[in-house]
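Engineer: The following block contains the structure, expressed as C-alpha cells.
Bear in mind these aren't lab numbers, they're just calculated from the coordinates by the rules spelled out. Just so we're clear, the structure is a prediction, and the values are computed from it rather than from any experiment. Positions of Cβ are generated from backbone atoms using ideal geometry, with glycine treated the same way; all protein chains shown enter the neighbour counts.
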C-alpha cells in the first residue's frame, strides 16, 4: 500500500518585458498588486488583509487526476526608489537630501514581495490546503521615450503532502521532477500573466 509522501518544492520564474507606457504609468499599474496577480491562471483570489501592505494569495492547482490543491500565501509588499546620487551627496544623510535631487536622479523603482509569517497554521493536508512562501522583485526602469523596462525574479517554496490517490507516477520520479516541473509551470503561468496584462495595459513585449 502506498503511503502519503511529503514533498518540498521550489519553483522559479524570471522575465524581462518592455511596457509601452511611461515610467510613472507603469509603476502605478504594477503597484496594483491584486489586479496584476489575478491575471495569473492559477490565482484563485487575492485579498488585502487588515495589516498594512500584507496580502493573502490563494492559488489553486490540480493534479493529473483533476484533484485540487489550494496553496495559501501571506505576502508583504514594499517598494524602494532606485537612486544614483551625485558624488557631493554620497556622505549626506538621506533625510537631508532635497526632494528635487532625489527625483532628478531616480533611475527606477523596485517592487518587493516577500513571505509574511502567519500567526495561524495554514497547512491542512486532509483538505489539500498548504502554505506557500513567495519572494519576488520587480525592477522597473525608464527605457526610452514612453517605454519602461520591467525585470521580474520570482521564487516560490511549497511543502505539501501527496496522497496515494493523487499519484500516477513512481515516487522517485516525482521527487526528481518536482522542482523542474514547478519551475516550468511557474514560468508558463508568468508568461501567460504578462500576456494578459498586455490586453489591459497596452502593448507589452519581451525585452
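Engineer: Over all pairs of distinct alpha carbons, what does the Kirkwood formula give as the hydrodynamic radius of the chain, in Å?
Structural biologist: Taking the inverse mean of 1/r over all distinct Cα pairs, the chain comes out at 19.1 Å.
Engineer: Let me ask another. Note the full-extension length gain between residue 32 and residue 61 as 0.36 nm times their separation in residues minus their Cα-Cα distance, in nm to one decimal.
Structural biologist: Using 0.36 nm per residue and subtracting the Cα-Cα distance, I get 8.1 nm.
Engineer: Also: Between residue 153 and residue 199, what is the label-point separation in nm under the 7 Å Cα-to-beta-carbon projection?
Structural biologist: Roughly 3.1 nm, to one decimal.
Engineer: Separation between the residue 115 and residue 135 pseudo-spin-labels, each 7 Å from Cα along Cα→Cβ, expressed in nm?
Structural biologist: For residue 115 paired with residue 135, the spin-label model returns 0.8 nm.
Engineer: Within segment 122-160, name every residue whose backbone N is under 19 Å away from a label modeled 7 Å from Cα of residue 207 along the Cβ vector.
Structural biologist: Only 135-155 fall inside the zone, counting backbone N under 19 Å.
Engineer: Relative to the present Cα-Cα distance, how much length would full extension add between residue 161 and residue 187 at 0.36 nm per residue of separation?
Structural biologist: 7.1 nm
Engineer: Can I ask one more? Starting from the Cα-Cα distance between residue 80 and residue 126, subtract it from 0.36 nm times their residue separation and give me the gain in nm to one decimal.
Structural biologist: 12.5 nm
Engineer: Treat each spin label as a single point 7 Å out from the Cα along the C-beta direction, and report the residue 20 to residue 100 distance in nm.
Structural biologist: A separation of 3.6 nm, rounded to one decimal place.
Engineer: Is it possible to state the helix-based mean residue ellipticity at 222 nm for the chain, with each DSSP H run of 4+ residues giving -39500 (n - 2.57), the sum divided by total residues, to the nearest 500 deg cm²/dmol? What is it?
Structural biologist: Computed ellipticity for the chain at 222 nm equals -7500 deg cm²/dmol.
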